[in-house]
Structure formats: structure tokens, C-alpha cells
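Engineer: Provided herewith is a single structure, encoded as C-alpha cells, for subsequent inquiry.
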Amino acid sequence: MNVSRGSVQKMIAVAAMAVAIPLGAYAGGHSEGGKKQHSEMRHYHKHGGMGVLKKLDLTEAQQAQVKEIMSKQKAEMKAAMGDRRAHRDEMKSLVEQDTFDAAKAERLIAQQQDKERAAKVGMLRTQHEIYKVLTPEQREKAKVIRAEWKEKMKERYKNKAADSSKAM
């Protein structure tokens with residue numbers, strides 16, 4: 001198989017994002033509220049998650065498997081994005097009506113929640129499939145990397161909180 005270095009890097013980056021979210025949620029604490037976790041998860045998704053799979057030294061066969069898994073997920077996500085846009089337009093039209101239709105609002109919210117739930121299940125399934133591609137050694141190494149990242153984020157959060165309190 002003839003794969004360019006850029007393709008491999010993109011493939012690893014996409015796979016890292018798929019693995020980063022649930023693994024980060026697994027590592028993240030819930031004790032200090034959702035805002036902190038969301039902020040850390042966004043940071044992990046943007047920065048830390050990319051390096052997880054790169055640091056695991058995936059074989060070419062593993063990279064190909066991850067690429068296949070991610071391409072399937074990408075198609076599902078594109079379809080879901082179109083649905084979200086249509087749903088958002090429906091919500092806007094509800095707001096712009098002369099009278100408020102509470103029943104329609106409830107239906108739209110329920111539909112949105114169902115779609116979000118299905119998207120999250122799909123994402124977790126994809127991440128599980130990628131996790132199954134890893135060898136036991138790579139899984140252990142990923143746990144260590146996540147634990148190190150979690151500690152780093154705790155320190156960063158403590159330092160940021162300390163800086164904020166000094167500024168007041």
C-alpha cells in the first residue's frame with residue numbers, strides 16, 4: 001500500500017480525536033462541575049488527543065484499520081451535521097412565529113436529544129473499534145499517557161485558579 005506521510009499523519013490525527021474524547025472522559029473528574037471537564041475535554045481534543053495515537057507507534061496495518069473506521073464515522077457525522085442544520089432552522093422558525101408553539105418546541109427538543117444521544121453512541125462505538133485495534137501494550141501505554149495528561153491538566157487548572165484569585 002502506497003501511503004504518503006501526510007496521509008498517515010492525518011489518519012493518526014483523526015483517529016486520535018476519536019479515541020481522545022471517551023478516553024479523556026474516562027480520565028477526567030466530575031467532582032468540580034461540568035465546566036471544568038468541558039474545558040479540559042476541549043483542550044484535550046484540540047491538543048492532547050492528537051498525540052495519543054502518535055505515541056502508540058501504530059503499525060501500518062493498524063493505521064489502515066483506523067483509517068477505515070474513521071472514514072465510516074466521517075460519513076455518519078456528515079449526515080448528522082446536515083440534520084443538525086435543518087433542526088436548527090426549525091428552531092429558528094419556531095422563535096420567529098407570531099405565537100409560541102410549546103408542543104412543537106418539546107418535540108424539537110426531544111428530537112435533538114435523540115439525535116445527540118445517537119451521535120454519542122456512534123462516536124463511542126467508533127472509539128471502541130479503534131481501541132480494539134490496539135495491542136494490550138498500546139492500551140496500557142495509552143492509559144499511562146492519559147494519566148500523565150490528567151495530572152498536567154490538574155496542575156494547569158490549579159495554577160490558573162491561583163492566578164485568577166490573585167488578580168481579584
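Where a number appears in this text, it was derived from the coordinates with a stated rule and is not lab data. These numbers were taken from a predicted model, which means no experiment stands behind them. Neighbour counts are summed over all protein chains in view; Cβ atoms, including those assigned to glycine, are modelled from backbone coordinates with ideal geometry.
Engineer: In segment 106-119, what residues are basic (Lys, Arg) and under 14 Å from Ala79 (Cα atoms)?
Structural biologist: Lys115
Engineer: Step by step: first the residues of segment 106-159, then only those that are closer than 17 Å to Val66 by Cβ and of a type in the set (S, T, N, Q), then the one that is surrounded by the most Cβ atoms within 10 Å (Cβ to Cβ). Which residue is that?
Structural biologist: It comes out as Thr126.
Engineer: Looking at segment 155-163, is at least one residue in contact (Cβ under 8 Å) with a residue 60 or more places away in the chain and of a type in the set (A, V, I, L, M, F, W, C)? Break it down stepwise before answering.
Structural biologist: Start the filter on segment 155-163 by keeping residues that are in contact (Cβ under 8 Å) with a residue 60 or more places away in the chain, which leaves 157.
Those left that are additionally of a type in the set (A, V, I, L, M, F, W, C): none.
No, there is no match, as no residue in segment 155-163 is in contact (Cβ under 8 Å) with a residue 60 or more places away in the chain and of a type in the set (A, V, I, L, M, F, W, C).
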